[in-house]
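Chemist: Below is the structure I would like to discuss, written out as structure tokens.
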Amino acid sequence: MAIDPARILYCDEHILAVNKLSGELVVRGKGALGKLPLLDFLRKEYPGLRAVHRLDFETSGVVVFARTREALQNILNKKFAQWEKMYVTVAAGRPQRDGVIRFALPARSRDRQVPAVTRYKVLEQFRDAAFLEVRMEEGGRRHQIRQHLARIHHPLVLDDVYGDAASNRQFTRAYGYHRFFLHAVRLTFPHPVTGTMLTIEAPLPRVFEECLERLRQD
């Protein structure tokens, strides 16, 4: 069974970009598998595919894979390094219209802190939540967006790791949703072989659109 063609956002001989679903693993982790990770599933149709970055289990949106060794090595060696990832999310509360969050986060080794900078813009303000556009300007640390928004007391709605459990339960009772909304909506980067700038966009998941409509009507 092949992936839904509508989920293929870009494909050439060197790279493949796919719209990842929330609740989908990009690669195998340490835990038990509920379903085949996206990489393993795609390899049935694209042999030799390699993951070059990841999105969290709950996060949806643009994810890129390398189809050739040349593309993979150029990405890993940062031959063309200017990758800009834009996300959208629903955060709790009423944040100021635009903001920059500067707060160091642990490196992968966990033995030191590294600089991390996240910039956000309020696209829509609802009664007790906001629709944000978010970009990591420095860092790219694990859960950076989630940690940084929690740091300014506007965690992702329904984020039980960094948010408020009681508020999340209230949101679930009111709207029926259980997973937080974080979507990699746009990725701009130079093609790893040609250097040509690419902009790849992933449409919002239907459930994300539905949530926004319900918040607008509240």
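The values are calculated or read from the model by the stated rules, or taken from the named source; none is laboratory data. This structure is a prediction, so every number in the text was calculated from the model and none was measured. With ideal geometry, Cβ positions are generated from the backbone for all residues, glycine too; neighbour counts draw on all protein chains shown. Side chains included, ligands, DNA and RNA excluded: accessible areas come from the protein's heavy atoms. Shrake-Rupley method; radii C 1.70, N 1.55, O 1.52, S 1.80 Å.
Chemist: Only one residue in Ile15, Ile101 is touching a residue at least 12 places away in the same chain (Cβ under 8 Å), within 26 Å of Asn168 (Cβ to Cβ) and β-branched (Val, Ile, Thr). Which one?
Modeler: Checking each option against the conditions leaves just Ile101.
Chemist: Of the residues that sit in segment 50-68 and are part of a loop (DSSP other than H, G, I, E, B) and not acidic (Asp, Glu), which one is most open to solvent (accessible area, probe 1.4 Å)?
Modeler: Arg54
Chemist: Given (1) in contact with a strand residue (DSSP E or B) (Cβ under 9 Å, 6 or more places away or on another chain); (2) within 27 Å of Val100 (Cβ to Cβ); (3) aliphatic (A, V, I, L, M), identify the lone condition not met by Val161.
Modeler: Single failed check for Val161: (1).
Chemist: Among the candidates Val134, Val122, Val161, single out the residue that is open to solvent by 60 Å² or more (accessible area, probe 1.4 Å) and either at pLDDT 90 or above or in contact with a Cys (Cβ under 7 Å, 6 or more places away or on another chain) (or both). Explain how you work it out, then say what you get.
Modeler: Details: Val134 fails: open to solvent by 60 Å² or more (accessible area, probe 1.4 Å); Val122 fails: open to solvent by 60 Å² or more (accessible area, probe 1.4 Å).
So the residue among Val134, Val122, Val161 that is open to solvent by 60 Å² or more (accessible area, probe 1.4 Å) and either at pLDDT 90 or above or in contact with a Cys (Cβ under 7 Å, 6 or more places away or on another chain) (or both) is Val161.
Chemist: State all residues of segment 180-196 that are under 21 Å from the mean Cα position of the chain (by Cα) and buried (at least 16 other Cβ atoms within 10 Å of the Cβ); if no residue qualifies, say none. Walk me through it before giving the result.
Modeler: Residues of segment 180-196 that are under 21 Å from the mean Cα position of the chain (by Cα), as a first pass: 180-192.
Selection gives Phe180, Phe181, Leu182, His183, Ala184, Val185, Arg186, Leu187, Phe189, Pro190, His191, Pro192.
Chemist: I'd like the full set of residues that are surrounded by 16 or more Cβ atoms within 10 Å (Cβ to Cβ) and in contact with a Ser or Thr (Cβ under 7 Å, 6 or more places away or on another chain), limited to segment 199-218.
Modeler: Residues of segment 199-218 that are surrounded by 16 or more Cβ atoms within 10 Å (Cβ to Cβ), as a first pass: 200-202, 204-205, 208, 211-212, 215.
Once the filter is applied, which keeps residues that are surrounded by 16 or more Cβ atoms within 10 Å (Cβ to Cβ) and in contact with a Ser or Thr (Cβ under 7 Å, 6 or more places away or on another chain), segment 199-218 yields only Pro205.
Chemist: Pairs only if they're at least six apart or on different chains, beta carbon under 7 angstrom, first in segment 41-55 and in contact (Cβ under 8 Å) with a residue 40 or more places away in the chain, second small (Gly, Ala, Ser) and open to solvent by less than 30 Å² (accessible area, probe 1.4 Å); list them, first residue then second.
Modeler: So the pair list comes out as Leu55/Gly61; Leu55/Ala184.
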